[in-house]
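> Pasting a structure below so you can have a look.
The values are calculated or read from the model by the stated rules, or taken from the named source; none is laboratory data. The model shown is predicted, which means the values in this text are computed figures rather than measured ones. Backbone-built Cβ (ideal geometry, glycine too); neighbour counts: all protein chains shown. Surface accessibility is based on the protein's heavy atoms, side chains included, excluding ligands, DNA and RNA. Shrake-Rupley method; radii C 1.70, N 1.55, O 1.52, S 1.80 Å.
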Amino acid sequence: MRDTSLVYLLDGAGRVLLGRKRRGMGVGKWNGFGGKIEPGETMRQCAARELREESGITVRPEDLDLAADLYFDQPSDGRWSHGGMVYFVRKWQGEPHLSEEMEPRWFSLDQLPYEEMWEADRIWLPQLLAGKQLRGTILFAPDGDHVIQSIFQEVHLDEKK
């Protein structure tokens with residue numbers, strides 16, 4: 001699988017914008033906005049494009065704050081394994097709207113729907129929201145959903161990625 005980006009909007013009032021997946025892998029789960037990098041794009045350009053396509057929100061790639069550099073490892077099907085860059089953004093244009101792929105909704109940081117998110121997100125997202133920057137690997141069971149092992153290191157990430 002091609003590497004992916006993931007973006008979370010933070011409104012400064014203690015809320016984060018999540019999207020409920022309406023189709024494809026992870027349907028019904030709440031997540032950040034993002035997807036696969038296209039040829040010729042930087043990861044920041046990918047993140048900005050995917051956010052616009054999935055929510056109608058426009059951001060400048062340089063306004064994305066790198067929060068995590070993750071590797072999602074699926075040993076039972078290596079085609080699914082990929083790297084993922086996670087960003088937070090605090091400046092944007094537009095209002096979120098329903099798209100074919102995502103249903104956006106604001107959540108209070110203390111009331112995130114972790115039980116309706118990917119199991120792996122429940123492990124690393126709270127650490128990022130607490131201000132940590134992480135590099136790590138998440139090893140998935142053959143079902144592609146359950147986490148067998150996760151290893152994270154708190155780091156200072158290169159803001160150029």
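> Give me the pairs: first residue in segment 1-18 and closer than 22 Å to residue 36 by Cβ, second residue surrounded by fewer than 15 Cβ atoms within 10 Å (Cβ to Cβ) and not charged (D, E, K, R), beta-carbon distance under 6 Å, and six or more apart or on different chains, which are they?
Going by the 6 Å Cβ cut-off, the qualifying pairs are 1/80; 17/106; 18/107.
> Moving on to the next point. With respect to residue 151, determine if the residue is under 16 Å from the mean Cα position of the chain (by Cα), part of a strand (DSSP E or B) and within 16 Å of residue 81 (Cβ to Cβ).
no
> Just a yes or no: is a residue in segment 87-103 in contact with a strand residue (DSSP E or B) (Cβ under 9 Å, 6 or more places away or on another chain), assigned to a helix (DSSP H, G or I), open to solvent by 50 Å² or more (accessible area, probe 1.4 Å) and modelled with pLDDT of 95 or more?
Within segment 87-103, none of the residues are in contact with a strand residue (DSSP E or B) (Cβ under 9 Å, 6 or more places away or on another chain), assigned to a helix (DSSP H, G or I), open to solvent by 50 Å² or more (accessible area, probe 1.4 Å) and modelled with pLDDT of 95 or more.
> Taking interchain pairs and intrachain pairs at least six residues apart, which have beta carbon atoms under 6 angstrom, with the first residue in segment 56-73 and free of Cβ contacts under 8 Å to residues at least 60 places away in the same chain and the second of a type in the set (S, T, N, Q) and surrounded by fewer than 18 Cβ atoms within 10 Å (Cβ to Cβ)?
Taking only residues 6 or more apart or on different chains, the pairs are 58/93; 61/45.
> Filter segment 11-41 for residues that are open to solvent by less than 20 Å² (accessible area, probe 1.4 Å) and more than 15 Å from residue 83 (Cα to Cα) and give the result.
Of everything in segment 11-41, those that are open to solvent by less than 20 Å² (accessible area, probe 1.4 Å) and more than 15 Å from residue 83 (Cα to Cα) turn out to be 16, 17, 18, 19, 26, 30, 32, 33.
> List the strands (runs of 3 or more DSSP E) that sit entirely inside segment 1-49 and contain at least 3 residues that are at pLDDT below 95 and of a type in the set (A, V, I, L, M, F, W, C).
none
> Restricting attention to segment 109-138, which residues are open to solvent by 40 Å² or more (accessible area, probe 1.4 Å), of a type outside the set (Val, Ile, Thr) and in a strand (DSSP E or B)?
135
> Shifting gears a bit: State whether one or more residues within segment 106-121 are among the small types (Gly, Ala, Ser) and at pLDDT 95 or above.
yes
> Say we look at segment 11-35 and pick out the residues that are among the hydrophobic types (A, V, I, L, M, F, W, C) and under 18 Å from residue 111 (Cα atoms); which of these is farthest from the chain's Cα centre (by Cα)?
Looking at residues that are among the hydrophobic types (A, V, I, L, M, F, W, C) and under 18 Å from residue 111 (Cα atoms), I get 13.
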